Each structure stands twice: as C-alpha cells, then as structure tokens.
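Here's the structure, in structure tokens; my notes come after.
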Amino acid sequence: MIRSRTLEEKLGSLYRAGGRIVGGVYLGRGQEAFSAAAGIHLRWDKDVYGPLIRDQAGRIAFGEPLIDSLRTYLGVVTGPMRGRDGNIHRGQPKHGYMAMISHLGSLLSVVAGALFARRIKGTLGDSAGATSIGDGGTSTGAFHEGLNMAAVEKLPLVVSIANNQYAYSTPTSRQYACENLVDRAHGYGIEGHSVDGTDLLACVKVYRTAFERARVGHGPQMVVGRLLRLGGHGEHDDASYIPESMKKIHESRDCLTVAQQQALDLGWTTQAELEAWHKQARQEVDQATSQVLKEPTPDPYRETWQALSTTSLVEGNEG
Amino acid sequence: MSSITYLEAIREAQYEALRTNPDVFLYGQDINAFGGAFKATKNLGREFPGRVFDSPISEDAMIGMAVGAAVEGARPIIEMQFADFSSVGFNQIVNQAATLYWRTQTPCPITIRLPSGGTAGSGPFHSQSMESIYAHYPGLVILTPATVEDAYWMLLDSVKLDDPVIFCEHKFLYYHLKADDFGQAMPIGKARIARPGRDATVVTYSAMLHESLKAAEELRLDGYEVEVVDLRSVKPMDTDTILASVARTGRLLVVGESFPWGGATAEVVARVASEAFHLLDAPPLRLNSKDTPIPYHPNLWKSHRPTTASISAELRKLLRY
Ligand SMILES: Cc1ncc(C[n+]2csc(CCOP(=O)(O)OP(=O)(O)O)c2C)c(N)n1
C-alpha cells in the first residue's frame with residue numbers, strides 16, 4: 001500500500017509537470033486496501049489476475065515490478081507494453097496477468113476463460129482467478145454476461161467490486177436501483193461478501209474467505225467494498241461533483257492511515273518502522289523514475305507495425 | 001476574432017435542437033450536471049431540466065433505448081463517451097436501429113454522437129475512427145464534419161433527419177478548430193471543394209482535411225495546385241463532386257484516419273476507378289492509418305496516422321507518375 005501510494009504520488013506529479021506522460025493518469029488513492037487485500041491472495045504465474053483502473057496496489061501485491069507501471073505510463077520500450085499501450089492498460093498474460101482494455105466489464109470473461117481452459121486441460125489445481133470493477137462497470141452487459149457464465153461454469157473466480165460511489169461523475173443512484181450491489185450475487189447464484197473497503201484487516205479477512213471458497217469449488221465469489229476514491233476520475237479531474245462533506249468524511253478514513261494505525265495498534269510495527277518503509281518506498285520510486293526517464297522511447301522506424309503473430313500473413317502497410 | 005470552437009458548435013447545436021424541438025432529449029454518460037467527458041453538453045442539463053440524462057455505463061441499452069424512444073416519436077441524441085465504446089452498442093446500432101425502417105416502415109430518428117479519432121497519448125481504445133465500420137451497414141447515415149460550420153449545421157440536420165445518424169465528431173478538432181460564426185448550412189450528402197486546384201485531387205474528411213490542406217499548401221511552394229475535397233458525409237458519398245474534381249485534375253489521393261483495410265477511402269477509389277477510369281492519368285492512391293491498433297506513445301501514434309508529411313509524400317508520388 002505504501003509503495004503504491006508513493007508511486008501514484010509520483011505519477012500524479014509527473015503528469016502535472018507535463019511533458020513526459022502524455023494522456024491520462026488514473027490513480028487508486030483510497031482504494032489501496034481493497035485492492036492490495038485481493039492481490040496478496042494471488043500468486044504470480046499460478047493464479048490469474050485481471051486488475052482494472054484503480055488496482056496499482058493489487059498489481060504490486062500480485063508481483064508486478066513497480067517499475068513496470070512507470071514504464072507503461074512513460075511508454076518506454078523496456079516496459080511490458082513497449083509504448084504500444086499505456087498507463088493502466090498493461091499486463092503480462094503469460095504470467096496470468098491480464099492486460100485490461102478500456103471497455104469496462106470485458107475482462108471478466110477473459111479471466112474466466114483462462115480458468116476454464118485450465119480446468120479442461122486438467123491444470124487448474126488450486127489456482128484461482130480474480131478481477132475487479134467499479135460500481136459503474138457493473139452496468140455493462142459484458143460484466144453481466146461474464147459473471148453469469150462464470151457462475152454457470154462454477155469457476156474459481158473472485159470478482160471485486162470497488163463501490164466508490166461514483167463512476168466518473170455519475171453517482172450510484174444513476175447506475176443501479178438495487179439497495180446493495182452484493183444483493184446481486186444471489187441472482188447470479190454465487191456467494192457474495194461485503195466489506196468496508198477502507199479497513200485493511202476486514203478486507204484481508206473477507207478475501208481470505210472468498211479465495212478459500214473459490215479455490216475449493218464453491219464457484220465465483222463477489223466481494224463488494226464500500227469506499228471512495230480520494231481523487232478525481234483521472235488526474236485531469238478535480239471531482240468537484242463529489243460533495244465536500246462526503247470528501248471530508250472519506251479523507252478522514254484514508255485506508256492507508258487506517259491500515260497503519262491497525263498495524264501499530266496490533267503491535268505489528270512501530271512508528272519508526274513505518275517511517276522507514278515510507279522512506280524506502282520514496283527511494284525506490286525515485287530511483288525507478290530516474291532510471292525510466294533514461295530508457296528509450298519507441299522508434300517508429302524500428303517498430304514492426306505488425307498486429308499478427310503469423311508474420312507471413314501480415315499485409316504490407318503501404319495502405 | 002475567431003471565437004467559436006468545434007466543440008462549442010456541437011454544444012450549441014444541441015442547445016438549439018433542445019430549444020426548438022420538445023421531442024429531443026440527450027442521453028449519455030456523465031452528460032448532465034458534469035456536462036460530459038469533453039463538456040459537449042455543458043449547462044444543457046440546467047437549461048433543459050428533465051431532458052438531459054446521465055446514463056449507466058450500458059452502451060447496448062443506451063442505443064436500444066434510443067430506438068424504442070424514437071418509435072414513440074422522440075428524437076434522442078446519444079453521446080458515446082468515446083467512439084470506441086460504441087462497439088459495445090454495435091448490435092443495437094447495426095441490427096436494431098439500422099434495420100427498423102426497412103423492416104417496419106417506422107422511422108428511426110436517432111443521432112449517435114461518436115467522439116472520434118486520435119489524439120496523442122490516447123491509445124488503442126480512446127482513438128478509433130468508426131465511420132467505415134458503420135458505413136458498411138445499410139440503413140445508417142454517416143457524417144464526418146471537418147469544420148466548425150459543419151459540426152453545427154450537420155448536427156442540427158442529424159436531429160431533423162428521420163434516420164439513424166452516426167455523427168463522427170473529431171476530438172482532435174474540439175478545442176483547436178475555431179471559426180467566427182456558424183456560417184452557411186450546406187446540405188447533408190454534398191461534398192465541398194475545400195481548396196480548388198488543377199494538378200491533383202485529395203478526397204478526405206474530418207481531421208484529415210486539415211492535414212491535407214496543409215499538404216496542399218506545401219505543394220503549392222513546389223508549383224502544384226492540389227484540389228482538396230471534403231466529403232463531409234461518408235455515407236451518402238457525393239460521387240458527383242469527386243468525379244468532377246478528378247475530371248479537372250486527372251489524379252486522385254484519398255486520405256482517411258481509419259484502418260487501411262477497406263473503408264471510406266477504398267470506396268472512393270473503387271467508385272472513381274470504375275466510373276472514371278478514363279479520367280485518370282495515374283493510379284489512384286489511398287492513405288490511411290497503419291494496420292495495427294492505434295499506439296499509445298506519441299512517437300508511434302504520429303507514424304501510425306496520416307500526417308501532413310506523409311500526405312505530401314504521397315502527393316509527390318502521385319504527381320511524379
Ligand atoms: C464500455 C465503456 N463505456 C464507457 C467507458 C468510459 N469510462 C471509463 S471509466 C468510466 C467510469 C467508471 O466508473 P466505475 O466503474 O465506477 O469505476 P471507477 O472509475 O469509479 O473506479 C467510464 C464511463 C468505458 N471505459 N467503457
């Protein structure tokens with residue numbers, strides 16, 4: 001969480017400084033606990049993870065090197081997307097790390113498909129899949145179709161819904177008419193859990209149960225976290241549509257502060273150690289940033305301009 | 001002083017449509033109080049209470065709903081947050097909206113606004129040009145305004161039309177393109193000679209008009225007079241104006257931002273080749289983006305789409321032939 005927050009602060013300042021990050025910056029501030037708590041239950045190369053917009057913390061917890069985020073935002077060729085795609089649209093499918101497209105909802109069935117294939121190949125073992133979405137994304141047909149399919153196939157899939165109460169500017173009252181999104185689990189015939197998404201310990205507990213149940217054959221698990229993004233939709237957005245009173249309440253429930261207090265209260269760490277972690281994270285992020293700033297950006301003359309793996313079938317680009 | 005932007009023209013047209021026709025309503029994501037991701041509906045919700053609605057993120061249902069409303073006599077304008085997301089509503093557009101009149105003789109007066117085309121750093125899913133995909137389907141009108149005037153008048157005309165219109169507005173032009181006023185309306189379906197010439201014809205539309213005009217200007221320095229035709233509407237396509245231009249110049253280059261396989265540019269070449277082969281002094285050329293998804297990094301993006309430089313290079317090739 002600390003590394004995620006520190007990294008995202010850097011991304012925000014790079015964006016505001018202008019020049020190097022072209023295009024949007026989408027941060028997960030305020031959602032780190034809910035995201036990381038899922039990520040820590042996932043194993044790189046063993047499980048399947050399809051994170052979305054606000055999952056920097058989950059991506060780190062899953063095992064993505066922190067530098068890959070910077071590399072993707074800066075579009076350098078050393079990054080996993082080599083400048084072809086950017087920002088949050090990154091992954092390494094060969095390691096079970098799916099690369100989201102922008103179209104909300106459409107990753108769920110992809111994660112389900114990976115699990116489905118493992119099952120028919122007999123390689124599923126105790127692996128599980130996880131993907132996440134916001135309250136807004138649940139309104140897509142793709143989300144519904146994917147979840148229904150996963151339920152029919154009883155796949156070991158944990159679906160996180162980060163209910164941060166707004167989809168861009170749109171409040172949940174314009175998004176769905178049910179009282180609580182978790183009620184939908186019943187309709188899909190799957191198990192549902194809800195949790196205070198700002199409470200790290202509660203999130204970890206809920207995900208532990210959800211992943212355990214998914215892995216032993218109880219089918220998809222829906223985990224709905226209540227929280228608020230502590231920022232705009234992207235860094236270009238001041239979120240002026242969120243009432244100040246609501247922002248204040250949530251700023252005082254910043255999940256990182258909550259988590260640190262929890263760790264202190266339980267005697268897991270000390271103030272000094274926390275500070276050391278923050279310092280270490282800043283050093284790591286600064287070092288990664290200066291490294292990435294030196295790395296090469298893509299050269300159109302070296303780019304293959306081929307979208308097929310079967311290169312013999314690629315037509316000339318003279319078109 | 002040029003003061004009205006292309007984006008403001010789109011907002012003004014919607015304002016005017018709402019003001020003059022009580023059957024018009026607006027439906028789209030974040031378009032009410034927020035005014036839309038690009039602010040194309042800024043203040044409209046306040047000025048027309050009960051007629052501008054925030055939609056759930058449900059493109060399929062948004063289009064289906066518009067079709068149902070049109071059957072009841074409404075004239076909805078649907079904003080896709082980005083053209084790219086209209087693919088989620090594709091079925092409703094090409095199978096529901098586009099076939100309704102032909103199957104049932106019930107008109108389907110809906111306008112689907114697609115913020116289209118590439119801008120730096122927008123990547124594969126916020127940059128697409130969809131006009132060619134939709135033009136392939138019978139039953140749709142595909143408009144691709146390149147000027148502030150057209151953005152305004154053609155959007156107003158779209159709302160008046162009794163058929164489904166795919167209104168491809170280019171995001172690259174939103175803020176940069178300005179005009180003094182809305183000028184004169186030109187009928188939908190007519191192309192426009194944006195720059196007269198005699199040595200070669202460039203047929204183009206949308207943001208590529210401006211790149212093409214710059215290329216024509218570059219070639220003027222070399223003593224060539226390049227005629228530039230702005231299609232304005234991809235479908236219907238004004239073949240007469242194209243043929244008349246080719247009759248004057250004998251050389252044709254067609255420029256579009258969408259992917260190279262097929263599409264609007266290929267359609268122009270096919271029509272000219274089959275109907276005016278005898279007028280051509282050189283093989284007709286086309287220039288599109290490259291045949292890969294649209295890249296994120298500006299270095300790649302600039303090479304992916306046609307630019308003034310690549311259009312000039314094609315024109316030189318054409319003129320040398
Ligand atoms: C199918 C589709 N339509 C529209 C968009 C544009 N869009 C991107 S993010 C967003 C809001 C998402 O809200 P939510 O799912 O609640 O996630 P949050 O941003 O709150 O984390 C929208 C409308 C999209 N990405 N995909």
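The values are calculated or read from the model by the stated rules, or taken from the named source; none is laboratory data. All figures in this text were calculated on a predicted structure; none of them were measured in a lab. Cβ sites come from the backbone with ideal geometry, for glycine too, and all protein chains shown count toward neighbours.
Is there a residue being more than 13 Å from chain B (Cβ to nearest Cβ) and polar (S, T, N, Q) anywhere in region A:275-282? Break it down into steps so the answer makes sense when it comes.
Taking region A:275-282 and keeping what is more than 13 Å from chain B (Cβ to nearest Cβ), we get A:275-282.
Cutting the leftovers down to polar (S, T, N, Q) gives us A:280.
Scanning region A:275-282 turns up at least one residue that is more than 13 Å from chain B (Cβ to nearest Cβ) and polar (S, T, N, Q).
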> Just one of the numbered conditions (1) over 21 Å from B:ALA61 (Cβ atoms); (2) within 18 Å of the chain's Cα centre (by Cα) is not true of A:ARG213; which one?
Replying inline: (2)
> Which of the residues that make up region A:145-165 are in a helix (DSSP H, G or I), away from chain B (no Cβ under 14 Å) and either within 16 Å of the ligand (Cβ to nearest atom) or more than 21 Å from the chain's Cα centre (by Cα) (or both)?
Replying inline: A:LEU147, A:ASN148, A:MET149, A:ALA151, A:VAL152
> If you check A:GLY225, A:GLY231, which single one turns out to be under 17 Å from the mean Cα position of the chain (by Cα), within 15 Å of the ligand (Cβ to nearest atom) and in a loop (DSSP other than H, G, I, E, B)?
Replying inline: A:GLY231
> Which residues, taken from region B:172-189, are crowded, with 18+ Cβ neighbours inside 10 Å and closer than 27 Å to B:GLN96 by Cα?
Replying inline: B:ILE188
> Considering region A:127-139 alone, what residues qualify as being farther than 13 Å from A:GLY225 by Cβ, within 12 Å of the ligand (Cβ to nearest atom) and not hydroxyl-bearing (Ser, Thr, Tyr)?
Replying inline: A:GLY136, A:GLY137
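On the basis of being away from the ligand (no atom under 16 Å from the Cβ) and at pLDDT below 95, does A:GLU295 make the cut?
no
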> What is the residue count in region A:99-126 for residues that are surrounded by 18 or more Cβ atoms within 10 Å (Cβ to Cβ) and within 16 Å of the ligand (Cβ to nearest atom)?
Replying inline: 11
> Do we find that A:ALA142 is small (Gly, Ala, Ser), free of Cβ contacts under 8 Å to residues at least 60 places away in the same chain and near the ligand (Cβ under 9 Å from one of its atoms) in this structure?
Replying inline: yes
> Here is a list of conditions, (1) of a type in the set (Phe, Trp, Tyr); (2) part of a helix (DSSP H, G or I); (3) under 20 Å from B:TYR152 (Cα atoms); (4) within 14 Å of chain A (Cβ to nearest Cβ), and B:TYR27 meets all of them except one; can you say which number that is?
Replying inline: (2)
>> I'm trying to understand the selection: among the residues of region B:291-321, which are within 11 Å of another protein chain (Cβ to nearest Cβ), of a type in the set (A, V, I, L, M, F, W, C) and in contact with a Phe, Trp or Tyr (Cβ under 8 Å, 6 or more places away or on another chain)?
In response: B:ILE294
>> Residue pairs, Cβ under 9 Å, 6 or more apart or interchain, first in region A:238-251 and within 14 Å of chain B (Cβ to nearest Cβ), second of a type in the set (Asp, Glu). List them.
In response: A:TYR241/B:ASP30
> Can you name every residue in region B:35-54 that is surrounded by fewer than 24 Cβ atoms within 10 Å (Cβ to Cβ) and either more than 26 Å from B:ALA146 (Cα to Cα) or among the hydroxyl-bearing types (Ser, Thr, Tyr) (or both)?
Replying inline: B:GLY45, B:ARG46, B:GLU47, B:PHE48, B:PRO49, B:GLY50, B:ARG51, B:PHE53, B:ASP54
>> Is it the case, given these coordinates, that B:SER122 is within 21 Å of B:MET237 (Cα to Cα) and either away from chain A (no Cβ under 14 Å) or at pLDDT 95 or above (or both)?
In response: no
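Between A:GLY24, A:GLY12, A:GLY19, which is part of a loop (DSSP other than H, G, I, E, B) and either away from every other protein chain (no Cβ under 14 Å) or in contact with a Gly (Cβ under 9 Å, 6 or more places away or on another chain) (or both)? Explain how you work it out, then say what you get.
On the way: A:GLY12 fails: part of a loop (DSSP other than H, G, I, E, B); A:GLY19 fails: either away from every other protein chain (no Cβ under 14 Å) or in contact with a Gly (Cβ under 9 Å, 6 or more places away or on another chain) (or both).
Within the list A:GLY24, A:GLY12, A:GLY19, the selection yields A:GLY24.
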> Considering region B:58-90 alone, what residues qualify as being within 15 Å of the ligand (Cβ to nearest atom), in contact with a strand residue (DSSP E or B) (Cβ under 6 Å, 6 or more places away or on another chain) and outside any helix (DSSP H, G or I)?
Replying inline: B:ILE78, B:GLU79, B:MET80, B:PHE82
>> Can you pull out every residue in region A:162-188 that is of a type in the set (A, V, I, L, M), free of Cβ contacts under 8 Å to residues at least 12 places away in the same chain and either within 22 Å of A:GLN31 (Cα to Cα) or in contact with a Cys (Cβ under 9 Å, 6 or more places away or on another chain) (or both)?
In response: none
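Given the condition under 30 Å from B:PRO306 (Cβ atoms), outside any helix (DSSP H, G or I) and among the aliphatic types (A, V, I, L, M), answer yes or no: does some residue in region A:302-310 qualify? Show your work before the answer.
Residues of region A:302-310 that are under 30 Å from B:PRO306 (Cβ atoms), as a first pass: A:302-310.
Checking which are outside any helix (DSSP H, G or I) leaves us with A:302-310.
Those left that are additionally among the aliphatic types (A, V, I, L, M): A:307-308.
Yes - at least one qualifying residue is present in region A:302-310.
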> Of all residues in region A:283-301 being polar (S, T, N, Q) and in a helix (DSSP H, G or I), which is farthest from the other protein chains (Cβ to nearest Cβ)?
Replying inline: A:GLN283
> Restricting attention to region A:70-86, does a residue exist that is within 16 Å of the ligand (Cβ to nearest atom), at pLDDT 95 or above and in contact with a strand residue (DSSP E or B) (Cβ under 9 Å, 6 or more places away or on another chain)?
Replying inline: no
> Picking from B:ALA70, B:ALA135, which residue would you name as being over 24 Å from B:LYS39 (Cα atoms), more than 13 Å from the chain's Cα centre (by Cα), at pLDDT 95 or above and of a type in the set (A, V, I, L, M, F, W, C)?
Replying inline: B:ALA70
> Are any of the residues in region A:89-96 more than 14 Å from chain B (Cβ to nearest Cβ), within 25 Å of A:LYS10 (Cβ to Cβ) and not aliphatic (A, V, I, L, M)?
Replying inline: yes
> In region A:10-37, which residues are without any contact (Cβ under 8 Å) to a residue 24 or more places away in the chain and at negative phi?
Replying inline: A:SER13, A:ALA17
>> Report every pair of residues separated by at least 6 positions or lying on different chains whose Cβ atoms are under 8 Å apart, first residue within region A:38-63 and within 14 Å of chain B (Cβ to nearest Cβ), second part of a strand (DSSP E or B) and within 16 Å of the ligand (Cβ to nearest atom).
In response: A:LEU52/A:THR131; A:LEU52/A:SER132; A:LEU52/A:ILE133; A:LEU52/A:GLY134; A:ILE53/A:GLY134
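Can you tell me how many residues within region A:244-268 are part of a loop (DSSP other than H, G, I, E, B) and either modelled with pLDDT under 95 or crowded, with 16+ Cβ neighbours inside 10 Å (or both)? Reasoning before the result, please.
Initial filter on region A:244-268 (part of a loop (DSSP other than H, G, I, E, B)): A:252-254, A:266-268.
So of that shortlist, the ones also either modelled with pLDDT under 95 or crowded, with 16+ Cβ neighbours inside 10 Å (or both) come out as A:252-254.
Going through region A:244-268 one residue at a time, the tally reaches 3.
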>> Looking at A:LEU108, A:LEU14, A:LEU7, A:LEU66, can you tell me which residue is aliphatic (A, V, I, L, M) and closer than 29 Å to B:SER58 by Cα?
In response: A:LEU108
